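Heads up: the structure comes next, in structure tokens.
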Amino acid sequence: MVVPAGVVVARVGWLTTLTQTLASAVIAERWTEEALDELAGGVGPDGRDLPAKGYKALRRLGWGSRSEPGVYVSDRVRCCADEEAARALRLALHRRTIIEAILKTWPENSRKRTDAEWAALREALPAGVPVAEIRHRTRQVQAIIDGGGAFPLGIIEAEDAPFNAAQILLAAADKQLVTVTRTGERTVELRVQLPSVERPASRRDWAWHVLPVNLPRNVPGDVVKICVPSLRVKDGRVRVDLPFEVEVPFAPASGHVIAAGFDWGLNTLLAATIGRLTPHGRVESDGRPLSYDASVVSAKLHRLRGHREDLAAKRRHYDNLLTGLAGQADGDVRGPELLASRERTDVEHRRVCARIRHLNDALAWNAARWAVDQAGAAGATVIYLEDLATLEARGRRQGNARLSGQVRGRVVDAIRHLAAKTRIAVVTVPARGTSRFCPRCGDGASELMHVLAPDRLTQRGWKWAYCSACGLSCDRDRAAAERIVSRGLLGQQTTFTDRTTGKRAIRAGVDGNVTRVRRPKKATRAIRRARRSGTDLHPRPENRTSRADRSKTGPTRKRQTRMRKMTSSRMPDRRPVPALTFAVGNRPAGQAPQTNRRKPGRTGLVRDFHHRTGFHKARASPVLPLTEYGTGSRHATPPATPNPHGLG
């Protein structure tokens, strides 16, 4: 029996609503300090450790979900609801730990902690908490103090119960609720039980449904395993979040000789350089600048974000007007008009948000593809990035808005995803001081002077870097990229790998100077032939007389003098006399007519993949294989395979 698409959407919506109701009930019931203490203890009532899977941990604690009277929900559906509730509560434990540490070490001035206060806070916090999250939680507590005048006792007073979305995590169920079968190279068959009514009363109100799913282009054909997806309804369509697993080669954390360092630049989105570690423990770089300039796309995103903020303010204004009209008479005609305007504004706001989200995804995957291709073409086995946890937008309002809207986190995730397929490790290094000190002289002792341009060294700026000690004059982001690759290669023995996430980082920076070297030129065919034959590549005529004997053996031949031509066959730019027009009369001389037609250009996609940027232009350095450091593909890999959105 074929079920219409609208009916399938309705039934999936009923299933997600049931799961959301069950999970919300568990979260609301256990949103207490005592329950969170019991969950944080990690031990059940029987003395055994809690399982890693969330729904099993809740059931061992006796916190399993219960369906409403008169509604039949299978045990597998309740497992999915328990898993969603367990994930929300465990995330709350992480925020609770940070808030408790902040309250325990509350500073005198919450906007600016001293070094001693930072040290006490770091000692109370778990390892790896970023500075940005600490500041966010500090502002959250400060807002509560400003509003009520008292410190919150914990996360229960600081926050409301977590909100869970209307979705179902089918990964917590078994084959009695869902099965996934791959039927072709680009098709998957999802078999799941769905309710046939909004409030199922018995098992008869549940039925099996087969949902065909088309795989996107970014899913390779040699996928080892298709995992169980999650279901949700959005914009009247069923969304299937389908994960998959592929075998990737292992990338070692240390032992690297050639590396690529990437800096989150102010002039460009990414600035990179290639470095090599010599056997003597020095870092060398050829100085070839690599950059990914997305200023045009960033400007477009900034305009869209401003438009989004204007729409949000307009929507709030409509809400205030509707609140003021709530107490008026029912016959007021302004209410329906304001409500219709508010709905139109809300729809436009959602569309602008979707446009920003899609453009950010396309930009992130395109930049990540370029970064991985540059590292692979240079023969690098590791990519070093700045640690995003130590980066924070501080300063003026416009600068904060631009920096906070960057897609740095998405770019890092995309780089990790693409680099894992090519056996390239990704390691983060501390970002402090990368743009401040000179990469040439000393170990972080000579500060750079940031100026406007190389010919305006007396005027302060941010684009160009100049070192008065060694005379280095280069782009600011380029100097930072050299220091990043130096920190990574010199400190690779202290690389730390997180067991939970698998992310690698170097927490203590090891600084060293970077030596500029020149790559040897690639031997041409003539040079290789001369080497094999042992002959001179540029033979010179044999000297008939020695250098000591400069006597002439004959008269000097007369050489014809080259006369300068006084005439030219080129059409003059201006006619010497006005051109005659018989119908109108004399007119002044104009530009010489061009008789040659423009040759038709190449249509379709350009040949170089790094120039495929689409409508929103993004300029980037081409991917070129160079000598000595390694060989690679001549062109970048097209972004169609790893990027489902495709920027260009």
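When S254, S473 are arranged by Cβ crowding within 10 Å, least crowded first, meaning fewest neighbours, the order is S254, S473. With the highest mean first, a sort of the peptides 488-498, 445-455 on other beta-carbon atoms found within 10 angstrom per residue produces 488-498, 445-455.
Once the chain from E34 to K234 is taken as fully extended at 0.36 nm per residue, the excess over their C-alpha distance is 68.4 nm. Among the GluC sites (Glu not before Pro) within region 168-232, those in coil by DSSP and having at most 15 neighbouring Cβ atoms inside 10 Å are E185, E198.
For the cross-link pairs K56/K421; K53/K175; K421/K503, the ones whose C-alpha atoms lie over 22 Å apart are K56/K421. Each label was represented as a point 7 Å from its Cα along the Cα-to-Cβ direction; for E348 and S468 these points are 5.4 nm apart. Cα extents for region 1-247 along the principal axes, largest to smallest and rounded to whole angstrom: 69, 46, 39. The Cβ shell under 9 Å around P249 holds other residues with a net charge of +1, Lys and Arg each +1, Asp and Glu each -1. Taking 0.36 nm per residue of sequence separation and removing the Cα-Cα distance, the E337/H307 pair yields an extension gain of 8.5 nm. Spin-label pair R499-D75: with each label point 7 Å from Cα along the Cα-Cβ axis, the two points sit 3.2 nm from one another. As a rough footprinting exposure proxy, the listed residues K558, K300 were ranked by other beta carbons within 10 Å of their own, and the order from fewest upward is K558, K300. In percent, rounded to a whole number, the relative contact order of region 1-247 is 24, using alpha-carbon pairs under 8 Å and six or more apart.
Annotation for C441 and R282: the two label points, set 7 Å from Cα along the Cα-Cβ direction, are 1.7 nm apart.
For region 1-247, the residue among V131, T105, A5 whose Cα projects farthest onto the positive side of the dipole built from Cβ charges is A5.
Of the residues V407, V429, V213, V347, the one with the fewest other Cβ atoms within 10 Å heads the list, and the complete ranking is V347, V213, V407, V429. Length gained on full extension, D46 to L452: 139.3 nm, using 0.36 nm per residue less the C-alpha separation. The GluC sites (Glu not before Pro) found in region 62-166 that occupy coil by DSSP, while having at most 10 further C-beta atoms within 10 Å, are E108.
The loop-placed trypsin sites (Lys or Arg not before Pro) in region 39-103, going by DSSP, that have at most 12 neighbouring Cβ atoms within 10 Å of their Cβ come out as R48, R66.
Any read-out appearing in this document is the output of simple, stated calculations on the displayed coordinates, not a laboratory observation. Values in this document were obtained by computation on a predicted structure and should not be read as measured data. Using ideal geometry, Cβ is built from the backbone for each residue, glycine included, and neighbour counts are taken over all protein chains shown.
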